[in-house]
Amino acid sequence: MIAFLVRRILYAIPILIGVNVLTFLLFFIVNSPDDMARMQLGQKRVSDEAVVKWKQERGYDKPSFFDAQASGIRKITNTIFFEKSVPLFWFDFGRAEADGRDIAHEIRSRMWPSLAIALPVFIVGMLSYITFALLMAFFRATYIDIAGILLCIFAMSVSGLFYIIGGQYVISKLWNLVPISGYVGGLNAWKFLVLPVVIGIVGGVGASARWYRTIFIEEINRDYVRTARAKGLSEWRVLFRHVLHNAMIPILTGAVVAIPLLFLGSLITESFFSIPGLGSYTIDAISQQDFSVVRAMVFLGSVLYIIGLILTDISYTVADPRIRLQ
Amino acid sequence: MNLPFKPVILTTDALIFVLFAVVAISAWYISRHQHLLAPWKKVARSRSGMIAAVILLVFVTVGLLDSLHFRPVLPGDAAVGKANYAVDVMSVFDVIAAPLKRKQEKTYSAPLSAYLFAKETVELPDGSEARVFPRLTYGGAHLKDPATEQTPDIVKRIVAGVAIAALAWNILLLCVTFWLSHRHGHSVRDTWSAIWKGHTEMPWREMLVTNGVVFLVFVPMMVLSAGYHVLGTDKVGQDVFYLTLKSIRTGLVIGTLTTLVMLPFALLLGILAGYLRGWVDDIIQYLYTTLNSIPGVLLIAASVLILQGVIDRHQDWFQTASERADARLFLLCMILGVTSWTGLCRLLRGESLKLRELDYIQAARAFGVSDYRIITRHILPNVMHIVLIAIVMDFSGLILAEAVLSYVGVGVDPTMNSFGTMINSARMEMARDPMVWWSLASAFAFMLLLVLSANLFADAVRDAFDPRIRGRLASPGFLSKYLPATPGR
């Protein structure tokens, strides 16, 4: 187990280096610091001095990969790549370009509101999708099942934006049940969280419940299920004890990988509901073209994804004792 | 020679024509091979699939008409000998819908209304001033007194529209019945009763009814459009019905071209990785794991922002504003394609790994057939069904993704008509009191219709070609790359 984990972590290193180099190429080569300065300072009528000054203040006036003028190790370290991209490895994200705030500090304070929405959506969502899918599987090939599938396809076809805009309109504006948007810290936050959480769950029901139903139906057609029925077990018992247990493996593959990514929050929901989480932080950075924040989020996202992959492998051993990690 | 117009082939137009040609050639090829035709016949027997196909066909027709672009000649200059062409790029669809495009009001007006939605200070005949809702320049302009005349006029137009729709539908019915009876050599009466009893092999009854409903909805809308704004007007007074129809092309382009762009990557790399294995496999796996590990929306956002910067810095590359907007649309397709090929690539790798161990490929290798030939002759045709399913299943997700991306501001050019830009510009209208709901509602309704029929059609195709692929392609993980709103997926 330990050896497996060490190997997986070692395997993650080249991937993270790849992500790092890729983001560097994207953010500094395709889009040179000069372009960045012009974007931040305003497209036209920017004097060259202003651009040089902007670059100097942020340390973007150095060579990209290799500084021929420096001596010794400074040849490598006195470059944009070393000073801006490499520190991402130890989560030193630097400062935002727009307002100069410390990105790492922002991330630490903003991940909690994000998590406050994403975690309930994930847990309650999973439970309700699985229940819904089990119901469809129980009534398989009847009109209830067909109606369920049609409902899923319909729900899948509705834009996520519609759920948010419609939900805000009906529940907050017409019925006045909860505030339209906003956030406060502490326990009173629930008022602001209920609606985004419910909408998050409703928005995901189509694709997920349908997918889980397919997994259940696949399991139901296996031999051990027939054996269980032949023993005289009730259909509910077969579904809950046998099918659900065995179907957990494919369900886990899709779900566990998403757990670490919950920290990143969701871009659209948070910006619609003005939740000060990482999702709205990213959206703001995108609209302000603040590349240092976007770069930090890209790197953080890949780290969390890789952690998710490792967690998935570990969860296999929990769900299925036959699988040994080596 | 001076043409009255100058054809313009935008990048996406060219690709759409290529796609159209590819589809036409494959259809011709498939129709001559029974074993390739068999699964398609299964699709044709699926009721929901064919109903969806009829609706999709309507959308595709609008999209294709909207892809034939040209620049009309400017009046007056023709005599000089050198024609000057307008800066505005028009499409054939614009010509058909010219009345809708021309009738621009001042600002918002409700569907079918004869009045503007905002009060204005008007000078009355007796010299005093009053704040009233002024009449629209075009919508209901033919009415003398809208309060009494409007409802009868609208009813009259709807009745006329329904009559035209019924007539057109009956002609269609006759054509289909005669064609079917001619093709199968049955009498017209037998064919007729077979259709209505649902005894035909293809679900003709359902298809014809769908067609009738489409006629029944759209023909009266068109008739009403002659005198009113059926779906109202937006902030700058443009007809919402026109904007919605224009958005269809953008959605279709994103849904199809993205897959077209990513297909070569996914096919080549996936098959190579699976077939050659070894270090090639390692490199390709590393490549897609790396790309996959970056959150999709962020990668797309970053790429779009950066390429938008490139476009802004090189305004001189583009002659017209629509060429620039089109370049951005094309780049968006490229970016979506490059960031989304990994899912299909992994599937193709798995399938090729499985195929290469099969006996007939082992036999081909024993005979000394080259790798190139084995891949093109034996592996490629046997993974095509996966490719096809991926294409149809991605389509709807991409249309939904466009709306989300345009909302974030990294979608299509803000000047380009699309469902995303419509929703984006309409989101502030919800806060107005009384609420301006119509542009938002039409964008969502048309998008729902398009995506729903695409989903139903994709289901039929998947069930016909490989029902077992269901979970693997439609897994929530695949969708979550585009839909950040639901972390639970």
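The values are calculated or read from the model by the stated rules, or taken from the named source; none is laboratory data. Since the model is a prediction, treat every value here as computed from it, not as a measurement. Here the Cβ is made from the backbone with ideal geometry for all residues, glycine too, and neighbour counts use every protein chain on show. What goes into the accessible areas is simple: the full protein's heavy atoms, side chains included, and nothing from ligands, DNA or RNA. Shrake-Rupley method; radii C 1.70, N 1.55, O 1.52, S 1.80 Å.
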Considering residues that are hydroxyl-bearing (Ser, Thr, Tyr), more than 8 Å from every other protein chain (Cβ to nearest Cβ) and either in contact with a strand residue (DSSP E or B) (Cβ under 9 Å, 6 or more places away or on another chain) or buried (at least 22 other Cβ atoms within 10 Å of the Cβ) (or both), the number found within region A:272-326 is 3
Looking at region B:431-440 only, could you name the residues that are touching a residue at least 40 places away in the same chain (Cβ under 8 Å) and within 25 Å of B:Val62 (Cα to Cα)? B:Trp438, B:Ser439
What tally of residues in region A:12-34 results from selecting those that are part of a helix (DSSP H, G or I), over 22 Å from B:Thr339 (Cβ atoms) and of a type outside the set (A, V, I, L, M)? 2
Residues in region B:353-373: is at least one at pLDDT 85 or above and within 28 Å of B:Gly255 (Cβ to Cβ)? no
Just to be sure before I move on: is B:Ile335 surrounded by 21 or more Cβ atoms within 10 Å (Cβ to Cβ) and part of a helix (DSSP H, G or I) in the structure I sent? yes
Residue check: is B:Phe241 free of Cβ contacts under 8 Å to residues at least 40 places away in the same chain and touching a helix residue (DSSP H, G or I) at 6+ places or on another chain (Cβ under 9 Å)? no
Keeping to region B:343-366, report how many residues are among the acidic types (Asp, Glu), open to solvent by 30 Å² or more (accessible area, probe 1.4 Å) and either in contact with an Asp or Glu (Cβ under 9 Å, 6 or more places away or on another chain) or assigned to a helix (DSSP H, G or I) (or both). 1
Search region A:81-126 for residues being closer than 30 Å to A:Ala247 by Cα and β-branched (Val, Ile, Thr), and hand back the single one that is nearest to the other protein chains (Cβ to nearest Cβ). A:Val121
If B:Gly139 satisfies every condition in (1) open to solvent by less than 80 Å² (accessible area, probe 1.4 Å); (2) outside any loop (DSSP other than H, G, I, E, B); (3) touching a residue at least 40 places away in the same chain (Cβ under 8 Å) but one, which is the exception? (2)
If you take just the helices (runs of 4 or more DSSP H) that sit entirely in region A:222-317, which of them hold at least 3 residues that are of a type in the set (A, V, I, L, M)? A:223-230, A:244-256, A:278-288
Select, from B:Met393, B:Met428, B:Met384, the only residue that is surrounded by fewer than 17 Cβ atoms within 10 Å (Cβ to Cβ), part of a helix (DSSP H, G or I) and modelled with pLDDT under 85. B:Met428
Any residue that is closer than 20 Å to A:Gly301 by Cα, of a type outside the set (Gly, Ala, Ser) and either within 31 Å of the chain's Cα centre (by Cα) or assigned to a loop (DSSP other than H, G, I, E, B) (or both) - is there at least one of those in region A:63-83? yes
Which of (1) at pLDDT below 85; (2) assigned to a loop (DSSP other than H, G, I, E, B); (3) more than 10 Å from every other protein chain (Cβ to nearest Cβ); (4) open to solvent by 20 Å² or more (accessible area, probe 1.4 Å) is the odd one out, the single condition A:Gly182 does not satisfy? (4)
Suppose the filter is in a helix (DSSP H, G or I), farther than 20 Å from A:Arg295 by Cβ and touching a residue at least 60 places away in the same chain (Cβ under 8 Å); does B:Asp281 pass it? yes
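Quick one: would you say B:Glu149 is open to solvent by 50 Å² or more (accessible area, probe 1.4 Å) and modelled with pLDDT under 80?
No.
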Only one residue in A:Phe154, A:Phe162 is open to solvent by 70 Å² or more (accessible area, probe 1.4 Å), under 24 Å from B:Leu398 (Cα atoms), in contact with a Leu (Cβ under 7 Å, 6 or more places away or on another chain) and in a helix (DSSP H, G or I). Which one? A:Phe154
Quick check on region A:1-21: of everything there that is facing another protein chain (nearest Cβ under 10 Å) and surrounded by fewer than 17 Cβ atoms within 10 Å (Cβ to Cβ), which residue is farthest from A:Arg58 (Cα to Cα)? A:Tyr11
Could you please find all residues in region B:308-319 being more than 8 Å from chain A (Cβ to nearest Cβ), open to solvent by less than 60 Å² (accessible area, probe 1.4 Å) and in a helix (DSSP H, G or I)? B:Gln308, B:Ile311
